[in-house]
1. Restricting to the range 85-105, name every residue that is β-branched (Val, Ile, Thr) and either closer than 23 Å to Gln294 by Cβ or open to solvent by 10 Å² or more (accessible area, probe 1.4 Å) (or both).
2. Any residue in the range 33-49 that's over 14 Å from Gly62 (Cα atoms): show its pairings with residues that are in a helix (DSSP H, G or I) and open to solvent by 10 Å² or more (accessible area, probe 1.4 Å) at Cβ separation under 9 Å, as long as the two are six or more apart or on different chains.
3. Test Gly82 against the criterion of being on the phi > 0 side of the Ramachandran plot and surrounded by 14 or more Cβ atoms within 10 Å (Cβ to Cβ), and give yes or no.
4. Being of a type in the set (Phe, Trp, Tyr), touching a strand residue (DSSP E or B) at 6+ places or on another chain (Cβ under 8 Å) and open to solvent by 40 Å² or more (accessible area, probe 1.4 Å) narrows it down to one of Tyr139, Tyr149, so name that one.
5. Listed residues Val281, Val259, Val277; which is open to solvent by less than 50 Å² (accessible area, probe 1.4 Å) and under 13 Å from Pro214 (Cα atoms)?
6. Are any residues in the range 36-60 within 30 Å of Lys225 (Cα to Cα), open to solvent by 10 Å² or more (accessible area, probe 1.4 Å) and not in a loop (DSSP other than H, G, I, E, B), and if so, which ones?
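The values are calculated or read from the model by the stated rules, or taken from the named source; none is laboratory data. All figures in this text were calculated on a predicted structure; none of them were measured in a lab. Cβ coordinates were reconstructed from backbone atoms using ideal geometry, including for glycine residues, and neighbour counts include every protein chain displayed. The area values use the complete protein model at the heavy-atom level, side chains included, leaving out ligands, DNA and RNA. Shrake-Rupley method; radii C 1.70, N 1.55, O 1.52, S 1.80 Å.
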Amino acid sequence: MSISFDVISEVTKVSYSEMMSRHTTFSAGGPADGYVEVSCADELVRLVSLCHENDIPYIVLGNGSNVLFTDKGYRGLVIHVGREMSDITVSGNRITAEAGAMLSKVSSTAQEAGLSRLEFAAGIPGSVGGGLYMNAGAYGGEMKDVVVYADVCDKCGNVIRLTKDELKLAYRSSIIEEEGYVVLSVCMELEPDDKEAILARMQDYNTRRKTKQPLAYKSAGSTFKRPEGHFAGALIEQCGLKGYACGSAEVSELHAGFVINKNDASAQDILNVIKHVQDTVFKETGVMLEPEVQIIGE
């Protein structure tokens, strides 16, 4: 049965059968029935409320850097939070950023203001909303280290302010995911430091990324979560899976923790590689790798 987006089109422009390969860093995935770009927080809250009231399935998408849509796509509405909702403000030692702001931009804004502790985010290709959703982190830092509170809305469109403790930020998880909240903005508290020292740390992290991660290819970042007591990339390499490919999807030769799209891989190619890696690593080591990438769709 087809989904009607009439109530949504009264609020904002709806694109139909929008290919999600255009909106994810994996550059793979089929069509979403409906797709909208939000212009502000009030519109986002209204859309979430309308979807709930009218039983319209929906997901909220940031930069698309940690997701994979299947080739059949998504039967519902994709609500994209991007440039129109990306304001960043600095007040004293605090930075408040809207959900669509890129983490890399927030990190550089902090550096320019002489504020430290967001260096880890300099090279993360995600948005603030997505970063909070999964408690993004790198090089020993993560969102939970800097967050003071976040403004979110629930499925009914009620706006709630959640403190750091209420957000239940843990390894690649949060109450945002558990309760289906939608991030509107995040307030972070940082520490004053020398601008040049902050910049040097950011450049160091980015140099490490360039030498150790397959940034030349399309991917969703680290494909698997870190299993307790192990490193996913090391286990995959130990099993001789570097370079394993299905179509144009491949386990990176540079870093085995990354599945990459070398050319025009389908979502199924990527899923096949993920499944083969999981099966092989489990068979040889007894460790079941869990995808860090969110898999969405039919």
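1. Matches in the range 85-105: Ile88, Thr89, Val90, Thr96.
2. Gly34/Ser9; Glu43/Glu84
3. No; evaluated as a whole, the condition is false for this residue.
4. Checking each option against the conditions leaves just Tyr149.
5. Of the residues listed, the single one that is open to solvent by less than 50 Å² (accessible area, probe 1.4 Å) and under 13 Å from Pro214 (Cα atoms) is Val259.
6. Of everything in the range 36-60, those that are within 30 Å of Lys225 (Cα to Cα), open to solvent by 10 Å² or more (accessible area, probe 1.4 Å) and not in a loop (DSSP other than H, G, I, E, B) turn out to be Glu37, Tyr58, Ile59, Val60.
Let's see how each residue does on (1) at pLDDT 95 or above; (2) among the β-branched types (Val, Ile, Thr); (3) open to solvent by 30 Å² or more (accessible area, probe 1.4 Å):
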residue	(1), (2), (3)
Ala234	yes, no, yes
Gly240	yes, no, yes
Ser248	yes, no, no
Val251	yes, yes, no
Leu289	yes, no, no
Val293	yes, yes, no
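Results for (1) touching a residue at least 40 places away in the same chain (Cβ under 8 Å); (2) crowded, with 16+ Cβ neighbours inside 10 Å; (3) over 16 Å from Ala138 (Cα atoms), shown as yes or no for each residue.
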| residue | (1), (2), (3) |
| --- | --- |
| Gly180 | no, no, yes |
| Leu184 | yes, yes, yes |
| Glu191 | yes, no, yes |
| Arg201 | yes, yes, no |
| Thr211 | no, no, no |
| Pro214 | yes, yes, no |
| Ala220 | yes, yes, no |
